[in-house]
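> Below is the structure I would like to discuss, written out as structure tokens.
Throughout, read-outs are computed from the coordinates displayed, never taken from laboratory work. As the structure is a prediction and not an experimental result, all values here were calculated from the model. All Cβ positions, glycine included, derive from the backbone under ideal geometry; neighbour counts span all protein chains shown.
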Amino acid sequence: MKTTKVSNKSSQYWVISIMTLIPAIGCSESSELVASTQTWEDIAQYFITPDICQDTEGPDCTKLRLGDSHLTTIAPERGKLFACKSGNPNAPGSHRNKITWINDTEGTWNLLAKPFLPAGSFSPGGGVSSVIESGTTRTVSGNNLPIDGKIGDWPMTD
């Protein structure tokens, strides 16, 4: 539960605190084991090999093109992804020196070296939120989950 207190005498601003729910999968480098007692079998469940990557007719899944240069924030354009804002360089997962499956020099990424969540489901229950006002302080609290509890199953596609 994340709580934020806002003191503001005359404004009607709402402050919403967002907790990022990021599952920790325990690997600091995709090609290194985390602890001396950990084995490749322990982390093997976090890597996938789609059927399209298993023959010579499909793409080379170790050298897929990055789409970074196909983003535009100016106007919609054929072959580009139109975004209202450019990427957040401080967002979790944006630190390229910590992402072992991206090769910036070649402009590629390795699908086989990128960790994924194993198939499963997540049922944490419904979200909760509250707003409490006391004098000039408004406290907004929540657990950053949807009220209806619908989070979903994964993988979304195979």
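> Sort 133-145, 50-62 for me by packing, meaning the mean count of neighbouring Cβ atoms within 10 Å per residue, highest on top.
Ranking, from highest mean packing down: 133-145, 50-62.
> Show the residues, 5+ positions off or on another chain, whose built amide H is closer than 5 Å to the amide H of Leu66.
Here Thr108, Trp109 satisfy the definition.
> Using the per-residue mean of other Cβ atoms lying within 10 Å as a proxy for protection, in what order, highest first, do the peptides 107-117, 77-87 fall?
In decreasing order of mean packing, 107-117, 77-87 become 107-117, 77-87.
> Another one. Among residues other than Leu81 whose Cβ falls under 15 Å from its Cβ, what is the net charge (Lys/Arg +1, Asp/Glu -1)?
Local net charge: +2.
> Could you run the Karplus curve 6.51 cos²θ - 1.76 cosθ + 1.60 with θ = phi - 60° over region 79-95 and give me ³J(HN,Hα) per residue in whole Hz, x for Gly and Pro?
Karplus-based 3J(HN,Hα) across region 79-95 equals x, 10, 9, 8, 10, 5, 10, 6, x, 8, x, 9, 5, x, x, 9, 7 Hz.
> If you don't mind, another one. Work out from phi, with θ = phi - 60° and the Karplus expression 6.51 cos²θ - 1.76 cosθ + 1.60, the ³J(HN,Hα) of each residue of region 69-74, listed in order in whole Hz, and give x for Gly and Pro.
7, 9, 10, 9, 10, 8
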